[in-house]
1. Looking at the stretch 27-59 only, could you name the residues that are of a type in the set (Gly, Ala, Ser), touching a residue at least 60 places away in the same chain (Cβ under 8 Å) and out of contact with any strand residue (DSSP E or B) (no Cβ under 6 Å at 6 or more places or on another chain)?
2. Which of the residues spanning the stretch 97-114 are open to solvent by 40 Å² or more (accessible area, probe 1.4 Å) and in a strand (DSSP E or B)?
3. Would you check which residues across the stretch 176-188 are touching a residue at least 12 places away in the same chain (Cβ under 8 Å) and open to solvent by 10 Å² or more (accessible area, probe 1.4 Å) and list them?
4. Mind checking which helices (runs of 4 or more DSSP H) fall wholly inside the stretch 130-232 and carry at least 3 residues that are at pLDDT 95 or above?
5. Looking at (1) surrounded by fewer than 22 Cβ atoms within 10 Å (Cβ to Cβ); (2) outside the structural domain of Glu136 (by the TED database), which one does Asn200 not meet, given that it meets all the others?
6. Residue by residue through the stretch 125-143, note down the ones that are surrounded by 20 or more Cβ atoms within 10 Å (Cβ to Cβ) and either at positive phi or of a type in the set (Val, Ile, Thr) (or both).
7. Looking at Lys122 and the list (1) more than 22 Å from Trp242 (Cα to Cα); (2) touching a helix residue (DSSP H, G or I) at 6+ places or on another chain (Cβ under 7 Å), which single condition is not satisfied?
8. Scan the stretch 219-232 and give yes if some residue there is charged (D, E, K, R) and not assigned by the TED database to the domain that holds Asn153, otherwise no.
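The values are calculated or read from the model by the stated rules, or taken from the named source; none is laboratory data. In this text, all values refer to a predicted model and were calculated from it rather than measured experimentally. Counting neighbours? That spans all protein chains shown, and the Cβs are built from the backbone with ideal geometry, glycine included. When the accessible area is computed, the model is the full protein with side chains, heavy atoms only, and any ligands, DNA or RNA have been set aside. Shrake-Rupley method; radii C 1.70, N 1.55, O 1.52, S 1.80 Å.
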Amino acid sequence: MKLLKTTLIVLALASSAAIQAAENMTVRLATTTSTYHSGLLNYLLPEFKKDTGYTVEVLAAGTGKSLRMGENGDVDLVMTHAPKAEATFVEKGFGVLPRKLMYNDFVIVGPKSDPAHISEIKDVTTALKTIADENETFVSRGDDSGTHKKELNLWAQTKMEPNFGGYKAVGQGMGPTLNMASELQAYTMTDRGTWLAYQNKLDLKIVLQGDSRLFNPYQVILVNPSRYPDINYQGAKSFSDWLVNPKAQTMINDYKRHGEQLFVADAIAQ
């Protein structure tokens with residue numbers, strides 16, 4: 001009987017260890033809806049799994065929500081695009097090993113008729129002020145995402161509050177926001193990656209691009225294991241290392257939608 005009990009205990013411990021090992025092969029990533037909607041992760045993750053055996057569970061939300069998931073220890077790493085919020089995340093001890101990963105840019109899109117004549121303007125703050133002055137409809141994500149944070153920063157540079165009648169904050173991700181702007185024949189700001197993924201489904205066009213203030217950098221940051229010892233730090237570190245290595249950086253540069261490059265990898269020189 002003792003031998004049987006001992007055997008059962010050993011088997012139970014072995015089973016528990018096996019389950020734990022299986023769980024440790026899953027990495028939880030919080031990232032922006034713009035990254036998710038671009039299709040980039042669907043392109044990268046199968047290759048990462050093939051190279052390392054890790055499966056990445058993606059939780060797509062705005063940058064604010066993604067960073068809060070990191071602060072709560074609900075994920076193992078974050079991939080976001082709001083430099084000030086990311087710096088605070090690291091300074092407060094929630095994140096470690098921040099790494100530049102890639103960048104693209106934001107663009108202003110609007111109705112093909114362009115009733116506010118934004119296509120004739122090169123300065124993004126002048127364009128926003130014009131939309132407000134003419135009370136054209138502008139759809140904002142309004143979701144504390146990196147895109148929303150950037151938009152609010154640009155409004156602040158206009159020295160005016162975005163509280164005109166045509167301003168609509170919808171609390172949605174980038175894809176739904178673009179769909180709504182198309183339905184309402186409104187203006188909005190979007191990252192180029194999501195625009196390229198959605199443009200063929202929308203009755204909109206790019207009306208402003210190229211202003212240096214529309215630069216959109218992405219970082220990958222690990223959740224601090226000293227704060228949350230139970231996270232899969234090793235798996236997260238493996239994913240971060242893989243993302244910044246030459247193979248993944250080349251894949252990022254090679255990723256295209258409708259013949260256009262969505263992101264520029266910028267971690268190779270680190």
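1. As a first pass, look at the stretch 27-59 and keep what is of a type in the set (Gly, Ala, Ser): 30, 34, 38-39, 53.
Filter again for touching a residue at least 60 places away in the same chain (Cβ under 8 Å), leaving 34, 38-39.
Residues satisfying the conditions are Ser38, Gly39.
2. Of the stretch 97-114, the ones open to solvent by 40 Å² or more (accessible area, probe 1.4 Å) are 97-100, 103, 112-113.
Within the stretch 97-114, Leu97, Pro98, Arg99, Lys100, Tyr103 meet the criteria.
3. Filtering the stretch 176-188 down to residues touching a residue at least 12 places away in the same chain (Cβ under 8 Å) leaves 177-182, 184-188.
Passing the criteria: Asn179, Met180, Ser182, Leu184, Gln185.
4. On the way: elements: 146-157, 174-184, 192-198.
Helices (runs of 4 or more DSSP H) meeting the threshold: 146-157, 174-184.
5. Failed condition: (2).
6. Step one: of the stretch 125-143, the residues surrounded by 20 or more Cβ atoms within 10 Å (Cβ to Cβ) are 127-128, 131-132, 136-141, 143.
Matches in the stretch 125-143: Ile131, Thr137, Val139.
7. (2)
8. Taking the stretch 219-232 as the starting set, the residues that turn out to be charged (D, E, K, R) are 227, 230.
Filter once more, keeping what is not assigned by the TED database to the domain that holds Asn153: 227, 230.
Yes: one or more hits.
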